[in-house]
Amino acid sequence: MCDIMRRLFSIIALSLLFFTVQSQNLSSDSFVSPKPHPRLILQEGDVAALLKAVETSPQMGRLDDYIISQAEQMLEQPVSVYKKQGKRLLSVSRLVLERVLFCSYAYLTTKDVNFAARAEREMVAAAEFENWNPSHFLDVAEMTTALALGYDWLYDLLSEASRQKIESAIVEKGLLGAEKESQMWFYRRANNWNQVCNCGMILGALAISELKPELAKQMVEKSLLSNPIAMATYAPNGVYVEGGGYWSYGTWFEVVMIEALRSALGSSFGIEKADGFLQSADFINFITAPSGGRFNYSDDGSRMRKSQNPLLGWFAAESGDTGVIYDDFRSLESGAIRIEERRMLPIGMFFLSRCDLDNLQPPKSNFYVGKGEQPLFIYRSGWESKEDTYLAAKGGSASLSHAHMDAGSFIYEWGGVRWSIDLGSQNYYSLESKGVDLWNMKEGSQRWDVFRIGSSSHSTLTVDGRNHKVAGRATMVESFDNEAYRGATFDLSQLFDCLSVAMRKITIDNVGKVSVVDSLHTEKPCSVRWTMTTNAQAKVLSKSEILLTQNGKSIVVRAVKSRGVKPFVISNDPPHSYDAPNKDSRRVGFDLSLRKKARFAVELIPLD
């Protein structure tokens with residue numbers, strides 16, 4: 001309750017602050033007679049600074065070549081067409097945004113008008129769609145963002161007929177859609193919907209503000225009052241409740257909105273000063289493991305290859321700390337180019353060009369403790385090698401946005417191998433198309449029966465074969481970072497009906513040995529399953545040991561001084577027809593019959 005109240009007071013305080021600032025600085029003149037185009041994100045000297053960075057930085061040169069080559073391919077591709085997948089048009093909106101941004105960037109940096117003409121055709125085709133699918137308003141928001149940026153960046157090159165079509169579409173299919181009562185709920189959401197939709201509405205409003213000044217002013221005011229609800233979720237120190245993938249999605253649009261406000265109105269109205277927001281760059285760096293894969297809790301994917309996120313350039317420039325882009329730039333020296341939220345890369349290039357790219361230093365810390373509603377700790381032994389050791393664990397609750405029943409779970413890498421894994425999210429449409437009630441978050445709903453979402457597939461505890469309680473919350477009690485070991489203790493007691501006490505202490509020592517100690521109390525006998533999900537081959541060695549082997553490396557999973565435990569190795573074959581396959585993965589662990597209380601200790605021991 002305390003966390004909820006603190007968050008509520010934070011939202012109220014931020015909203016009042018923004019209202020006060022707006023009343024002083026959000027003048028009607030800014031909308032009746034706005035700055036000339038381009039007025040969104042781009043400011044005088046930005047293109048020249050970008051071209052200089054491309055010339056002097058090999059990594060920037062690689063990224064620039066990549067964008068131009070992609071834009072050249074787009075010249076020959078047909079324009080996007082209206083085609084929904086299930087209830088979403090989102091993939092089309094994102095494709096339009098990618099093509100408009102890539103081709104606009106290519107024109108700005110090469111002055112080849114063919115790129116501008118291709119972006120114009122894409123925007124006109126999207127403007128002529130019957131609608132932008134307002135029933136799923138993310139689709140509208142991304143499409144509005146696409147047309148607003150392309151219209152603004154290429155304004156002087158667009159034909160008058162194209163301008164009118166794009167202007168009309170931004171107003172009729174974008175801004176006015178947010179004025180309908182059935183769509184206004186995104187203003188009240190405390191997640192990525194708030195950020196993405198408010199960004200789209202602000203960019204659309206600022207792009208055409210001289211045409212509809214009163215509407216534009218109203219849209220900006222409403223979004224500025226709404227946005228603190230989402231920004232409060234970064235408090236107190238940057239953990240994004242919905243996980244790394246949604247951090248990238250929501251935060252990208254948040255930053256684009258901030259930059260558009262700065263460039264068009266001369267002020268961001270202090271949005272970026274929200275508690276934890278600037279620190280969230282540390283969060284996303286730390287949940288990216290040495291292997292390149294993420295600590296993929298909640299609805300995050302299971303991709304295990306390193307990707308780069310140019311959004312971090314904005315945080316580096318804002319804070320002056322280039323450590324947040326160090327890992328990305330190191331991977332660009334010779335690794336593959338895989339861009340997170342690829343459609344936003346052209347904007348990211350302008351952010352990166354603001355950084356001191358000649359003086360990149362690794363992050364100063366190897367240990368991170370994230371607080372708030374989704375508490376976690378992360379340790380990595382270094383920032384230079386894929387074989388650095390990594391341990392991350394989390395608390396949290398299944399009741400949070402996009403959450404899984406993964407409280408108490410952990411990710412472990414040693415010797416260049418990820419031993420404890422999270423299977424990641426399943427494609428939403430693959431479940432929705434089979435009638436799964438995916439978005440019902442209530443206790444006992446079908447969502448929790450999806451194998452990858454329920455507790456049984458995660459590296460945590462399951463009691464009496466039941467899922468975690470949806471409303472249960474796992475808190476971090478303490479964290480450790482000393483010469484001998486580092487880690488944290490989580491209170492998992494609220495997750496289980498049967499257990500009165502469930503305290504999980506997870507630590508890692510200097511040689512990479514992990515210790516997971518569960519202190520458990522119950523008022524009646526119950527069965528406890530200790531699970532670790534893994535891609536490794538597994539073999540039971542004895543009543544207390546399981547051998548894991550992968551990529552020529554081995555570790556032993558050992559139950560320490562625990563009577564009556566039974567080791568197991570079980571498959572991850574999908575239990576339902578709607579579940580995705582989980583190729584080359586399995587669960588290992590120990591079953592324990594608990595009568596009253598137990599100290600259940602398991603060690604993960606690397607073998608040289």
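Every read-out reported here was derived from the displayed coordinates using simple, explicitly stated rules and does not represent laboratory data. These numbers were taken from a predicted model, which means no experiment stands behind them. Methodologically, a virtual Cβ is constructed for each residue, glycine included, from the backbone with ideal geometry; neighbour enumeration extends over all protein chains shown.
As an exercise, take the mean of 1/r over every pair of distinct alpha carbons in the range 552-608, invert it, and state the Kirkwood radius in angstroms. Kindly include the intermediate steps, with their values, before the conclusion.
Numbers: mean 1/r = 0.0720 Å⁻¹.
After inverting the mean inverse Cα-Cα distance, the result is 13.9 Å.
Express the relative contact order of the chain as a whole percentage, based on alpha carbon pairs under 8 Å and six or more residues apart in sequence.
Here the relative contact order equals 10 percent.
Would you mind calculating the gained length between ARG599 and ARG354 on full extension (0.36 nm times residue separation, minus the Cα-Cα distance), in nm to one decimal? Spell out each step's value before the answer.
Working: separation 245, 0.36 × 245 = 88.20 nm, distance 5.29 nm.
This chain segment gains 82.9 nm when fully extended.
Taking Cα atoms, how many degrees apart are the long axis of helix 137-153 and the longest axis of the chain, rounded to 10 and kept between 0 and 90?
40
Only loop residues by DSSP count here, and only those with at most 10 other Cβ atoms within 10 Å; note down the GluC sites (Glu not before Pro) in the range 91-143 that meet that. Mind dumping the intermediate values first?
Details: sites: GLU98, GLU120, GLU122, GLU128, GLU130, GLU142; in loops: GLU128, GLU130.
The qualifying sites are GLU130.
Return the Rg/Rh value of the range 512-608, two decimal places, where both radii are evaluated on C-alpha atoms and Rh is the Kirkwood radius.
1.01
Sequence-distant or interchain residues sharing an amide H contact under 5 Å with PHE496, placed H: which?
Those qualifying (amide H under 5 Å, at least 5 residues apart or on another chain) are LYS469.
Could you compute the longest span of the chain free of chymotrypsin sites (Phe, Trp or Tyr not before Pro) located in DSSP loops and having at most 15 other Cβ atoms within 10 Å, not counting the site residues?
Counting at most 15 other Cβ atoms within 10 Å as exposed, the longest clean stretch of the chain is 83-438.
If you plug each phi of the range 596-608 into the Karplus form 6.51 cos²θ - 1.76 cosθ + 1.60 with θ = phi - 60°, what whole-Hz ³J(HN,Hα) values come out, in order, with x for Gly and Pro?
Values, residue by residue: 9, 8, 7, 10, 9, 10, 10, 10, 10, 10, x, 10, 5 Hz.
Can you pull out the GluC sites (Glu not before Pro) in the range 155-231 that DSSP calls coil and that have at most 15 other Cβ atoms within 10 Å?
On the way: sites: GLU160, GLU167, GLU172, GLU179, GLU181, GLU210, GLU214, GLU221; in loops: GLU181, GLU210.
Answer in residue order: GLU181, GLU210.
Report the full-extension gain for the segment ASN131 to LYS583: residue separation times 0.36 nm, less the Cα-Cα distance, to one decimal in nm.
Here the answer is 158.7 nm.
Seen from all sides and averaged, what is the projected area of the convex hull of the Cα atoms in the range 250-338, in nm²?
Taking a quarter of the hull surface, the average projection is 6.5 nm².
Hey, how many Å between the Cα centroid of the range 300-346 and the Cα centroid of the range 536-608?
So the separation of the two Cα centres works out to 34 Å.
Pairing the Cα long axis of helix 2-25 with the longest principal axis of the chain, what angle in degrees results, from 0 to 90 and rounded to the nearest 10?
That works out to roughly 10 degrees.
Hey, what do the phi angles of the range 472-488 turn into as Karplus ³J(HN,Hα) couplings, whole Hz, using 6.51/-1.76/1.60 and θ = phi - 60°, x for Gly and Pro?
For the range 472-488, the Karplus-derived couplings read x, 10, 9, 9, 8, 7, 7, 10, 10, 8, 10, 5, 8, 7, 9, x, 7 Hz, x marking Gly and Pro.
Using unit Cβ charges (K, R positive; D, E negative) and no other charged atoms, how large, in debye to the nearest 20, is the dipole of the chain about its Cα centre? Show your work: numbers first, answer last.
On the way: 68 positive and 71 negative charges, 503 e Å.
Here the chain has a charge dipole of around 2420 debye.
Which FRET efficiency, nearest 0.05, do GLU179 and SER433 yield, Cβ-Cβ r, R0 30 Å?
E between GLU179 and SER433, to the nearest 0.05, is 0.40.
How many percent of the alpha carbon pairs in the range 207-274 exceed a separation of 20 Å?
Cα-Cα pairs of the range 207-274 separated by over 20 Å account for 33 percent.
Tell me the Kirkwood hydrodynamic radius of the range 446-518 in angstroms, computed as one over the mean inverse distance between distinct C-alpha pairs.
Kirkwood radius, the range 446-518: 13.6 Å.
Using the Kirkwood formula on the Cα atoms of the range 277-317, what hydrodynamic radius do you get, in angstrom to one decimal?
Every distinct Cα pair counted, the radius reaches 11.0 Å.
Grab the eigenvalues of the alpha-carbon gyration tensor for the range 338-461, scale each by 5, take roots, and send me the semi-axes largest first in whole angstrom. Show your work: numbers first, answer last.
On the way: eigenvalues 206, 93, 41 Å².
Ellipsoid semi-axes (Å, largest first): 32, 22, 14.
What is the distance in Å between the Cα centroid of the range 253-276 and that of the range 162-206?
17
For the range 281-393, what size does the Cα cloud have along each of its three principal axes, sorted from largest down, in whole Å?
35, 30, 27
For helix 113-127, report the angle its Cα long axis makes with the longest principal axis of the Cα atoms of the chain; keep it between 0 and 90° and round to the nearest 10°.
Rounded to the nearest ten degrees, it is 80.
Over the chain, what number does the Rg to Rh ratio reach, with both radii from the alpha-carbon atoms and Rh per Kirkwood? Could you put the intermediate results ahead of the total?
Working: Rg = 25.1 Å, Rh = 25.4 Å.
For the chain, the value is 0.99.
Can you show me the helix-derived [θ] at 222 nm for the chain, built from DSSP H runs with n ≥ 4 at -39,500 (n - 2.57) apiece and divided by the number of residues, rounded to the nearest 500.
Per the formula, -11000 deg cm²/dmol.
Provide the gained length on full extension for the span LYS273 to GLU172, in nm with one decimal, where the gain is 0.36 nm per separating residue minus the Cα-Cα distance.
Result for the pair: 33.1 nm of gain on full extension.
For the chain, with the dipole built from +1 on Lys and Arg beta-carbon atoms and -1 on Asp and Glu ones, taken about the Cα centre, which of PHE568, TYR429, THR322 lies farthest toward the positive end?
Of the listed residues, the answer is PHE568.
With a Förster radius of 35 Å, plug the Cβ-Cβ distance of ASP573 and PHE367 into 1/(1 + (r/R0)^6) and report the FRET value to the nearest 0.05.
On the way: r = 37 Å, r/R0 = 1.07.
Approximately 0.40, to the nearest 0.05.
Only loop residues by DSSP count here, and only those with at most 15 other Cβ atoms within 10 Å; note down the trypsin sites (Lys or Arg not before Pro) in the range 175-280 that meet that.
Passing both the DSSP loop test and the Cβ count: LYS180.
For the range 395-536, what is the per residue volume of the convex hull drawn over the alpha-carbon atoms, in cubic angstrom?
So the per-residue Cα hull volume is 120 Å³.
Could you pull the Rg and Dmax for the range 478-525, using just the Cα atoms, both in Å?
Over the range 478-525's Cα set, Rg and Dmax evaluate to 13.0, 40 Å.
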